[in-house]
Amino acid sequence: SAPAPSPPLPLPLLRLLTLAAVAATLLSPLAPPEPALAVSGGGKDFASKDWSGNDFSGRKDLAGKDFSGCIARGTKFDGADLRGARFFKADLRGAR
């Protein structure tokens, strides 16, 4: 047999919960943003930017850098130290 339905909430409690939900919704934009977490290896210095046509050849300061989501069409990386660099969803068409 089916379980017995729970009794309805008393009207004053229901009003209080509704008011609390409305207050939380209205005040949430006033809350300070959560701090950004640091990314090991140098942060997001190159992420989500357009580096098309740039020449990073021979650079030794790119190890561990984040290029996620960047556009780097035709960009040169010849001889650059890219150990641990991240290129998640980067557009590297024509890059070398």
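Values quoted throughout were computed directly from the atomic coordinates according to the rules given, and no laboratory measurement underlies them. Quantities reported herein were computed from a predicted structural model and do not represent experimental measurements.
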Residues whose modelled amide H sits under 5 Å from the amide H of Asp91, counting only those 5 or more places away in sequence or on another chain, are Cys70, Ile71, Ala72
The stretch 51-96: relative contact order from alpha carbon pairs under 8 Å, six or more residues apart, as a whole percent, is 44 percent
